[in-house]
Amino acid sequence: CFLKEAERRGWVKDSLSLKVKPWKAAHEQKEPFTDKEVEAILVESTKLNGGVSGYATNAETFTLLLRLMLETGMRVGDAVRYDPRHCEKGQVGWVYQFTPRKQRKNETPKQTAVYLTDDFRTAIEDARWFSARYPFAYRPTAKEDETDYLAQAVYERMQEIGKRAGVEDCRPHRWRDTFAVNCLQKGMALEDVSKLLGHGSVAVTERYYAKWVQKRRLRLEETFFAATQK
């Protein structure tokens, strides 16, 4: 992109972008937390050291933030900006619609939806919020340029929690991976999981979670033949 822009602006005369060999991206295999790791992290998150600012001031609500990522698959940058005013009652639970921060720059922003149970939404409503408007943003407002700061703060807290809980690579995005794998293992259609994650296509979901998609297929195959051969 830089080389194309440089040519357009006249900084270079040659079409250098055409001479650069494309580099095929290597996608890291996603690894979810185990059930034991989830339990250990959530327990340790309630023991944050008290402080006068940031997430350390309110361990119980910080734990709810971690659970929000686990139960919805939201990215940390979206979870810290969770706005209860956009949560509407559905036929079974609650539907929260939002515009994910991570989107292609050249496309029209798209909304996605995640789902919360009655009990979990009530737990958030009844919790002590970090700010008057947002449960999980400890600044007065969660502006676009502040989201990265809040997300980094969550990352740092999870790193500390991981050390105490004995969990390696303890970081926010693994909640999203855990959510996706849990859905697949429970038999949810790949297309539905893709939509819940807000991916642009099913192919993206399948590429990121190839190992788990394959395990799901093998389990379905075994279940099918076991049932039809009886």
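The values are calculated or read from the model by the stated rules, or taken from the named source; none is laboratory data. None of the values given here were measured: they were computed from a predicted structure. With ideal geometry, Cβ positions are generated from the backbone for all residues, glycine too; neighbour counts draw on all protein chains shown. The accessibility values were calculated without ligands, DNA or RNA, using every heavy atom of the protein model including side chains. Shrake-Rupley method; radii C 1.70, N 1.55, O 1.52, S 1.80 Å.
Some values worked out for this structure:
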read-out	value
Residue match in segment 106-126 (condition: part of a loop (DSSP other than H, G, I, E, B) and under 26 Å from GLU160 (Cβ atoms))	no
Sole exception among (1) closer than 17 Å to ILE41 by Cβ; (2) open to solvent by 10 Å² or more (accessible area, probe 1.4 Å) for ILE161, by number	(2)
Of all residues making up segment 174-195, the number that are within 19 Å of MET69 (Cβ to Cβ) and open to solvent by 30 Å² or more (accessible area, probe 1.4 Å)	6
Which listed residue, of ASP78, ASP14, is modelled with pLDDT under 90 and among the acidic types (Asp, Glu)	ASP14
Enumeration of residues in segment 196-216 that are modelled with pLDDT of 90 or more, of a type in the set (A, V, I, L, M, F, W, C) and crowded, with 19+ Cβ neighbours inside 10 Å	LEU196, LEU197
Output for segment 219-230, where each listed residue is surrounded by fewer than 10 Cβ atoms within 10 Å (Cβ to Cβ) and either in a helix (DSSP H, G or I) or at pLDDT 80 or above (or both)	ALA226, ALA227, THR228
Verdict on GLU39 being modelled with pLDDT of 90 or more, surrounded by fewer than 18 Cβ atoms within 10 Å (Cβ to Cβ) and among the charged types (D, E, K, R)	yes
Near pairs, Cβ below 7 angstrom, 6+ apart or cross-chain, from segment 112-138 (on the phi < 0 side of the Ramachandran plot) to any residue that is assigned to a helix (DSSP H, G or I) and among the aliphatic types (A, V, I, L, M)	VAL114/LEU196; ALA123/LEU64; ILE124/LEU64; ALA127/LEU64; PRO135/ILE124; PHE136/LEU65; PHE136/ALA79; ALA137/LEU150
Subset tally (residues that are part of a loop (DSSP other than H, G, I, E, B), at pLDDT below 85 and either of a type in the set (A, V, I, L, M) or open to solvent by 60 Å² or more (accessible area, probe 1.4 Å) (or both)) for segment 17-36	11
Selection count, segment 64-76, where residues are farther than 10 Å from PHE136 by Cα, part of a helix (DSSP H, G or I), open to solvent by 10 Å² or more (accessible area, probe 1.4 Å) and out of contact with any strand residue (DSSP E or B) (no Cβ under 9 Å at 6 or more places or on another chain)	3
Those residues of segment 200-214 which are free of Cβ contacts under 8 Å to residues at least 12 places away in the same chain and either among the acidic types (Asp, Glu) or assigned to a helix (DSSP H, G or I) (or both), in sequence order	ALA203, VAL204, GLN214
All positions within segment 79-105 that are free of Cβ contacts under 8 Å to residues at least 24 places away in the same chain and not hydrophobic (A, V, I, L, M, F, W, C)	ARG85, HIS86, GLU88, LYS89, GLN91, GLN97, THR99, GLN103, LYS105
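Yes/no matrix, rows are residues, columns are (1) surrounded by fewer than 17 Cβ atoms within 10 Å (Cβ to Cβ); (2) aliphatic (A, V, I, L, M); (3) in contact with a His (Cβ under 7 Å, 6 or more places away or on another chain); (4) more than 24 Å from PHE33 (Cβ to Cβ):
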residue: THR57; (1), (2), (3), (4): yes, no, no, yes
residue: PHE62; (1), (2), (3), (4): no, no, no, no
residue: ASP78; (1), (2), (3), (4): no, no, no, no
residue: CYS87; (1), (2), (3), (4): no, no, no, yes
residue: GLY90; (1), (2), (3), (4): yes, no, no, yes
residue: PHE98; (1), (2), (3), (4): no, no, yes, no
residue: LYS102; (1), (2), (3), (4): yes, no, no, no
residue: PRO109; (1), (2), (3), (4): yes, no, no, yes
